[in-house]
Amino acid sequence: MNHNAQIILDAIIESDEHMTAEQIHMLLRDSGNNISLATVYNNLGKLCEQGNIRKVCVAGYPDRYDKVVKHDHLICRKCGKLSDISFSDLTGFLQSQTDEEILSYDLQVSYICPDCRKKEQKEQERKDVGK
């Protein structure tokens with residue numbers, strides 16, 4: 001693995017966030033690494049292909065990158081906030097539903113995060129007061 005790929009991989013492994021390519025680039029730049037955004041994108045693609053990291057895609061939001069440690073994601077339907085959650089391994093259950101071999105799965109559960117629920121509640125209260 002080349003030096004830039006290792007630096008990028010380390011940044012993802014050490015983070016508890018689900019960073020975009022731009023956020024990874026800014027983090028590395030702020031820590032003194034002079035890596036271009038194109039280099040970050042290229043290495044992220046290679047790291048994903050090699051199975052060292054995983055890309056988390058949420059419609060309407062930039063791709064984010066994460067560790068390959070088994071876990072699932074809660075995704076806020078309003079703001080796109082991504083949080084980790086761990087369910088028991090569903091591979092056996094999924095395998096029982098098909099004759100095909102299940103290699104892996106990426107479970108994304110939609111919800112509305114507490115911050116967005118509070119905003120919705122405040123907006124509703126304002127509407128109720130205006131009636």
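Read the figures in this text as sums done on the coordinates, not as results from a lab. What you are looking at is a predicted structure, and each value in this text was computed from that prediction instead of being measured. Note: ideal-geometry Cβ built from the backbone for every residue, glycine included; neighbour counts use all protein chains shown.
Helix 3-14 and the longest principal axis of the Cα set of the chain meet at an angle near 40°.
For the residue pairs 46/81; 81/127; 55/127; 55/118; 46/70; 46/118, alpha carbon separations beyond 32 Å are given by 55/127; 46/118. Among the chymotrypsin sites (Phe, Trp or Tyr not before Pro) within the range 53-121, those in coil by DSSP and having at most 16 neighbouring Cβ atoms inside 10 Å are 87, 105.
Using the alpha-carbon positions of the chain, Rg (one decimal) and Dmax (whole number) come out as 18.7, 63 Å.
Start at zero, step by 5 Å, and the Cα-Cα distances of the range 1-68 spread as 3, 19, 34, 27, 13, 3, 1 percent across the bins.
Per-residue extension of 0.36 nm, minus the Cα-Cα distance of residue 94 and residue 74, leaves a gain of 5.3 nm for this segment. By how many degrees, between 0 and 90 and to the nearest 10, does the Cα long axis of helix 37-49 differ from the longest principal axis of the chain? Helix 37-49 sits roughly 80 degrees off the main axis of the chain.
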